[in-house]
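The values are calculated or read from the model by the stated rules, or taken from the named source; none is laboratory data. None of these values were measured; they are calculated from a predicted model. Here the Cβ positions follow ideal geometry from the backbone for every residue, glycine too, while neighbour counts run over all protein chains shown. When the accessible area is computed, the model is the full protein with side chains, heavy atoms only, and any ligands, DNA or RNA have been set aside. Shrake-Rupley method; radii C 1.70, N 1.55, O 1.52, S 1.80 Å.
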Amino acid sequence: MKSNLYNLLILFFITALVFSACKPDKGLEERQDSSIDIKPLIAAPEFNADSAYFYIQKQVEFGPRIPNTPSHFQTGTYLEDKLKSLNAFVEIQEFQEPTYNGEVLSLKNIIASFHPEKSRRILLGAHWDTRPFSDKDPENPQKPFDGANDGGSGVGVLLEIARIVSIHEPNNAGIDIIFFDGEDYGQPEFYDGEILNSSKTYWCLGSQYWSKNKHKRNYMAYYGILLDMVGAKGATFYKEGGSVQFAKKIVDKVWDAGHISGFSQFFINQTSPGITDDHIFVNRDAKIPMINIVEYDPEDPSSYFGFYHHTQNDNMDLIDRETLKAVGQTLLHVIYNE
Ligand SMILES: [Zn+2]
C-alpha cells in the first residue's frame, strides 16, 4: 500500500473533502460516545485472538508470499484448503498482470462465500501477498520481509472470522471474504529504471482486477470492510480519508461498534489522510461502498502506518493479540448486529 495522498488525488480526482482530511482540527465533526444510538444488541460470538495469531504465524512460516515464488503458491493452496475445510464456497480467480518493470505476475484472488442464499452480503477483504522488498529499511532495502502485519494480520483475522461464521450463522447477512493478491508490488523507492506504463497504478493489482471482473457477474455487497495492518501492538485506527469520502456511514457504524465493544483506545474518532489501498478500486470500479481499517500512526505522519512498515521489522514480534481481538471482535459485533 502507498501512503501518497497526492497520487490518490491525481488518480481519482478526489478534491476538497479528502484534502481537508489531511489537516487536523478541520473538516468533519466527530461524533462523541455520548451521541451513539443505543439499540438492543445481539451478543456476538467470541473472537479467539490466539487462533488469529496462529493463522498469521502459519502464513509467515511459508516465507514471504511474493508472487511468482513457491512460498506464494503454497500459501495460496493453504488458504484455499482452509476455507474449504470451513465449508465455504471457494472460488479462485487466476490472472496475469504485468508490473511496473514489465515482469508478468501470476496472481490469484481467493473468494470464500458463506450462506450464499442470503441476499444481503457483507464483503470482508485483505491482501494476502507480501511486498518483494523492504524498501523503507535503511539497511536492507532489497531484502524480502515476513509481512506478519502487512498482509498476514488481515488474512489471519479474516480466517478466524470465517471459522466463527462457519459455526454460528449470522441472522441477517451472508459473508463473503476476499483475499486480494498483488496489492504490494508497487514500484520500490530505489527503482530508477523505466516504468512500463507511467499512467497505471501498480499497487492493488488484485483488487483492480476483481473490481472490473467480479467472480460473479452481478455480484453486489451491501458494503465492504478491508483490513490492512491490523495486528501491531498499540496500533490505532483513524477514520481513513478515502473511506470517509466513499462510505462515511459505514465508517461510523464500525467505529461505533469498536467503542461499544470496549475498544475505544484502538478506534479513534478522528480522520487520517486518504491512502491508495484495495478499497479505493472496490468503491470506484465495483461500486461497492468499502471502508478500510488500517493503522495510522499520528506521531509519524510521514510513515503513516508505523515504524515497521516495509522494513525487516514487520515480523511476528510486532503482532499483539489485543489488537487482533479489538479488530476481530468489532467486526463480529457489526456482522451479528446487521
Ligand atoms: Zn505494504
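Here are the numbers:
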read-out	value
Mean separation of Cα contacts under 8 Å (6+ apart) over length of the range 32-163, as relative contact order %	30 percent
Shape call, the range 150-239: gyration tensor on alpha carbons, a/c limit 1.5	oblate
Where chymotrypsin sites (Phe, Trp or Tyr not before Pro) fall in DSSP loop in the range 139-242, at most 15 other Cβ within 10 Å	F190, Y191, Y219
Cα-projected label distance for Q142 with D285, points at 7 Å along beta-carbon direction, nm	3.2 nm
Antiparallel %, DSSP beta bridges [both residues in the chain], to 5	50 percent
Spin-label model distance (nm) - N87 vs S198, 7 Å beyond Cα toward Cβ	5.5 nm
Integer Hz, Karplus 6.51/-1.76/1.60 couplings in order for the range 294-308, x for Gly and Pro	9, 5, 9, 9, x, 6, 9, x, 5, 7, 6, 8, x, 4, 7
Tensor-based shape of the chain (alpha-carbon gyration tensor, a/c under 1.5 rounded, otherwise prolate or oblate)	rounded
Relative contact order (%) - the chain, alpha-carbon pairs under 8 angstrom, separation at least six	25 percent
Point-to-point label distance, F190-D50, nm (Cα→Cβ direction, 7 Å offset)	4.1 nm
Tensor-based shape of the range 242-338 (alpha-carbon gyration tensor, a/c under 1.5 rounded, otherwise prolate or oblate)	oblate
Fraction of accessible area attributable to carbon and sulfur, the range 100-255 (%, probe 1.4 Å)	45 percent
Other-chain or far-sequence residues with amide H under 5 Å of V230's (modelled H)	S153, G154
Lys/Arg +1, Asp/Glu -1 at C-beta; the chain dipole; positive extreme among F267, I178, P132	I178
Estimated 222 nm signal from helices in the chain, with DSSP H stretches of n ≥ 4 weighted -39500 (n - 2.57), rounded to 500	-10000 deg cm²/dmol
